[in-house]
Amino acid sequence: MSLLRLGLFASGTGTNLQAILDSCVDGTIKATPAVVIGNNSGAMALDRARRASIPTVHLSSKTHPEPADLDEAIETTLRSHGVELIALAGYNKRLGPRTVSAFRNRILNVHPAPLPAYGGPGLYGLHVHEVVLEAGEVQSAATVHLVDEEYDHGPVVAERPVRITPDDTPESLQARIRAVEHELFVETIGKIADGEIDLDEIAARAG
Ligand code: GRF
């Protein structure tokens, strides 16, 4: 049986990316990381991919100033590596409409808060945790969702709650959620690869 081919996107530190790469090696995820695409050529995430001998490609407004050209280059790169499922593992750009539609219901994102309540433009990094704490929530979450044309908008595929403690700071909450993101993202991709999660069914149910 041939393994599911993953296309991975990352912009920064790449701890989620690392968790996915490690899980493909130890067999928790029955998939092959086919390519890692980054919009920031100096990102630690790309170093992690290179260290794991995964092909890396830098595609950004620097390589393709026209958004439509960038969108086309991304789709072409994914297709040329035979990608079947995409995981945005800390990718801070929005994918273009061509790529989203070519891989409809096959693009996952991980978000460090409950959706749809705490998602959308601007709700990323430490700021999203600040907003959750300011709202007086008693719990937050790590969320994996399908990607559509809008930020943090597609149907939720998996969500794991994370309790907020009275002494939490945005930093402490971020660190605790980050660890849960790693587990949840790996488990979710693993279940998709094993056929236990049907993304088309989730999308259809969400309408
Ligand atoms: C994660 O919190 C993820 O939810 C968000 O960006 C962060 C990336 O962290 N989309 P890392 O690069 O995986 O360490």
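For segment 90-207, what relative contact order do you get, as a whole percent, if you take Cα pairs closer than 8 Å and at least 6 residues apart?
26 percent
With springs only between Cα atoms under 10 Å apart, run a GNM on the chain and tell me which of 68, 34, 87 wobbles the most.
In the Gaussian network model the winner is 68.
How fast does segment 1-76 diffuse by Stokes-Einstein, in µm²/s, taking the Kirkwood radius from C-alpha pairs at 25 °C and 0.890 mPa s?
In µm²/s, the coefficient rounds to 191.
Compute the angle between helix 15-26 and the longest alpha-carbon principal axis of the chain, please, reported from 0 to 90 degrees and rounded to the nearest 10.
60 degrees
For residue 153 and residue 51 in one chain, what is 0.36 nm times their gap in residues minus the Cα-Cα distance, to one decimal in nm?
So the chain would gain 33.4 nm between residue 153 and residue 51.
log₁₀ I(q)/I(0) of segment 134-202 at q = 0.20, 0.22, 0.26 Å⁻¹, via Debye over equal Cα point scatterers, no solvent, to two decimals?
Evaluating at q = 0.20, 0.22, 0.26 Å⁻¹ gives log10 I(q)/I(0) of -0.88, -0.99, -1.15.
Residue 134 label point, 7 Å along Cα→Cβ, cut-off 20 Å on backbone N: hits in segment 88-126?
Inside the label zone: 112-126.
Out of every Cα pair in the chain, what percent are spaced more than 24 Å from each other?
Of all Cα-Cα pairs in the chain, 38 percent lie more than 24 Å apart.
What angle do you read, to the nearest 10 degrees and between 0 and 90, between the alpha-carbon axis of helix 125-134 and the longest principal axis of the chain?
Here the helix axis deviates by roughly 30 degrees.
With r as the distance between the Cβ atoms of residue 13 and residue 169 and R0 = 22 Å, compute the FRET efficiency 1/(1 + (r/R0)^6) and round to 0.05.
0.70
So how tilted is helix 67-80 from the main axis of the chain? Cα-based, degrees 0 to 90, rounded to 10.
The angle comes out near 70 degrees.
Can you tell which of 81, 182, 111 shows the greatest fluctuation in a Gaussian network model of the chain with Cα springs below 10 Å?
Fluctuation is largest for 81.
Could you identify which residue out of 71, 168, 152 has the top mean-square fluctuation in a GNM of the chain using Cα springs shorter than 10 Å?
168
I want to make sure I understand the PRE zone here: with the label point 7 angstrom from the Cα of residue 194 toward its beta carbon, which residues in segment 1-34 have backbone N atoms less than 18 Å away?
1-5, 20-32
Once all Cα-Cα distances of segment 55-168 are split into 5 Å bins that start at 0, what whole-number percent is in each one?
Percent of Cα pairs in each bin: 2, 11, 20, 20, 16, 12, 9, 6, 3, 1.
No lab work stands behind these numbers, since they all come straight from the coordinates. Source: prediction; values computed, not measured. So basically every Cβ, Gly included, is an ideal-geometry build from the backbone, and we count neighbours across all protein chains shown.
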